[in-house]
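A short worksheet on the structure shown next.
The values are calculated or read from the model by the stated rules, or taken from the named source; none is laboratory data. Note that the structure is predicted; figures quoted are calculated from it, not measured. Glycine also receives a Cβ, built like all others from the backbone with ideal geometry; neighbour counts cover every protein chain displayed. Calculation scope for accessible area: heavy atoms of the full protein, side chains included, ligands and nucleic acids excluded. Shrake-Rupley method; radii C 1.70, N 1.55, O 1.52, S 1.80 Å.
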Amino acid sequence: MFTFIMRRFLQMIPILILISILAFLLLRLSGPDPAEYMIMANPRIKPEDILREKQRLGLVDANGKAVPLFIQYFYWAKGILQGEWGWSRIWPNVTAFQAIMLFLPNSLILMGLALLIAILVAVPIGIYSALKQYSAFDYIFTTGTFLGMSLPTFWLALMAIIVFHLLPARLFGAPWFPAGDLASFGKPYAGVWWDRLWHLVLPVAVLSIYSMAGWTRYMRSSMLEVIRADYVRTARAKGVPERRVIYKHALRNALIPMVTILTLSIPGLFGGALITETVFAYPGVGRMLYQAVLGKDYAVAMADILFLALLTVLFNLVADVLYAIVDPRIRYN
Amino acid sequence: MALDSIFSVELAPSFSYWQMVWTRFRKHRLAMFGASVIIIMILLCFVAAPIITATTGYHYTSMDLPNRYALPSGAHWFGTDDMGRDVLTMILYGGQVSIEVGLISALAAVLIGSLVGVVSGYFGGWIDEALMRFTDVMMSLPYLPLYLVLAMAFGPGFWTLIGIFVGFGWMGDARLVRGVVLSLKNMEFVEAAKAIGASPWRIMLKHLLINSMAVIIVSTTLLIGGNIVGEAALSFLGLGIQPPQPSWGNVLQTASGYIFAPGNGPWLIFYPGFFLFLTVLSFNFMGDGLRDALDPRLKGYR
């Protein structure tokens, strides 16, 4: 087991190097020249100063000759490894790394809740749908998962704001749920836990719908597959009560692939939360990235992309390890 | 005595593969619903929109400022927006771009993905290893954040969107096609083709790819839907199709900008999103129906 984890861990390295090369190329080829920034900030800047800055950044060598791109990459990678992720342009006196750490807790709360609710809804519905295959319940919810997976997040978020905030405000004088933000402003209860929870209701609901729909389908097909297995038939044949067959024999095995699917979808949730966070003005990592891109804050944008890539690769590893743990049939040699 | 009267046997009518596909597809009610909606949507966007412009003069450039935020009425079925433009006209012209982006990028991505998949599966060895590792890396990228950076870097627009969706859309199909090719390449018909001296390219293109069609068609259909949402999402974030050219995404973006403004009606948000939702849903239904129709063995699998 240990060697398996180590081997998978080592396999992460080439993937991360490739992603970092991609990120670096994007940064260099698309990001503006640092000299342009300096001229923008101070039009009367001397050419010597620009040269010195370029030398400091490793873009040109001591003789003023341009440094090849791949050598620049090594300098950049060295900086990343040493924790020099660059300064943010739009958040003053904050490094790219600090910017991520600043917004990460908010994102984790939002996504943790969305994940929890999606699982709590998807798993029971998926199981029940499979047990009652071709029933009205199954038909309604299977069609429902299609609707859920086709709903564009931003439209759903806007409609949620209209239905649960704007319309009640116009009809009854007060909105049912806030349309965004982390907490209320200028109220005695601003920032109290239930105030924050109240603000999370709409974003969490919107964010969880897509995952919910997908996972319901996975759960259903996983359960259907297991129910037809020989050992389930054997259990029934030897007179095991139906409840025990379902919960003890079938469900345990049907949940195995779900572990992998849930783990693998967590990094994607981070990226997907960008839209939800933006529409609800929720200060999370996703909205931070959106603001960084719009503000041409390439250091923060790239740091965030590297962070998300690391997360993806890491969760791939976790999924493999979890799979090996929950399914004793998997051999890892 | 005529021979055929002795041997008059009722032959079961024989069907070609595509006839059977059509028979199965036709029975799939949701897929038929999807296909009809798609056809109607294409007709509305590409045929009805110019007719509306010709008869009423409504166009996405024709502003009518005194008539801003008009309620849905006989003259403006879906009302008017913040510049007095007819919302229905905006949606139909917007649909043109959205459908074009989805269609072109999905076709190109699946073409590339299928080629990668068939080469990888057929040759195996280090080629397979290299291509699949590259595919793995591409699949472990954070898409939406990367799309944003790329759109910003290359300048938002029609072809940037297509480039992004092709560049990051081919991997799923490559894996699926590779899987099919791996299961096919040791079968007798490939052996036979090799034996009569068919070149590797001929085998890959004429035998293996043709037999992967079920997978290819299904993933194209699903990818079109996915890319239409992707276009709308990027345009909604202001990094896709740029106004005044409307698209479902940027019409929604404009509407969301004055969502809290007095006089703004919910229909400005509802209609463009609903058209988008209906189209994507239809492609998903159709993809599901096609999967069942093209290869009944795949039924129930995702």
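Points worth noting:
- In the set (1) within 11 Å of chain B (Cβ to nearest Cβ); (2) touching a residue at least 40 places away in the same chain (Cβ under 8 Å); (3) farther than 23 Å from A:Gln82 by Cα, the condition left unmet by A:Asp320 is number (1).
- The range A:152-179: number of residues that are open to solvent by 40 Å² or more (accessible area, probe 1.4 Å) and in a loop (DSSP other than H, G, I, E, B): 5
- Qualifying residue in the range B:208-221 (condition: assigned to a helix (DSSP H, G or I), open to solvent by 10 Å² or more (accessible area, probe 1.4 Å) and either within 11 Å of chain A (Cβ to nearest Cβ) or among the small types (Gly, Ala, Ser) (or both)): yes
- Applying the condition of being of a type in the set (Val, Ile, Thr) and part of a helix (DSSP H, G or I) to the range A:180-205 and asking which residue is modelled with the highest pLDDT yields A:Val204.
- Residue within the range B:170-180 that is modelled with pLDDT of 90 or more, closer than 30 Å to B:Gly94 by Cβ and outside any helix (DSSP H, G or I) present: yes
- Residue within the range A:280-288 that is more than 10 Å from chain B (Cβ to nearest Cβ), at pLDDT below 85, outside any helix (DSSP H, G or I) and surrounded by 21 or more Cβ atoms within 10 Å (Cβ to Cβ) present: no
- Which numbered condition B:Gly163 fails, given (1) over 19 Å from B:Glu129 (Cα atoms); (2) open to solvent by 20 Å² or more (accessible area, probe 1.4 Å); (3) at pLDDT below 90: (3)
- The number of residues in the range B:236-266 being crowded, with 18+ Cβ neighbours inside 10 Å and more than 10 Å from chain A (Cβ to nearest Cβ) comes to 7.
- Filter pass, B:Ser105 being modelled with pLDDT of 95 or more and in a helix (DSSP H, G or I): yes
- Residue count for the range A:303-315 under the criterion of being in contact (Cβ under 8 Å) with a residue 60 or more places away in the chain and at the interface with chain B (Cβ under 8 Å from one of its Cβ atoms): the result is 4.
- Take the conditions (1) under 27 Å from B:Trp248 (Cβ atoms); (2) away from chain A (no Cβ under 14 Å); B:Asp128 misses just one of them, which is (1).
- Just one residue in the set B:Arg202, B:Arg175 is open to solvent by 30 Å² or more (accessible area, probe 1.4 Å), of a type in the set (Lys, Arg) and either within 17 Å of the chain's Cα centre (by Cα) or more than 17 Å from B:Gly226 (Cβ to Cβ) (or both); that residue is B:Arg202.
- Of the residues making up the range B:28-50, those that are more than 17 Å from B:Phe283 (Cα to Cα) and modelled with pLDDT of 85 or more number 2.
- Note on the range A:121-168: among residues that are over 29 Å from B:Gly230 (Cα atoms) and among the polar types (S, T, N, Q), the one that is farthest from the other protein chains (Cβ to nearest Cβ) is A:Ser135.
- Selection status of A:Ser107, within 14 Å of another protein chain (Cβ to nearest Cβ), within 17 Å of A:Phe270 (Cβ to Cβ), out of contact with any strand residue (DSSP E or B) (no Cβ under 6 Å at 6 or more places or on another chain) and in contact (Cβ under 8 Å) with a residue 12 or more places away in the chain: yes
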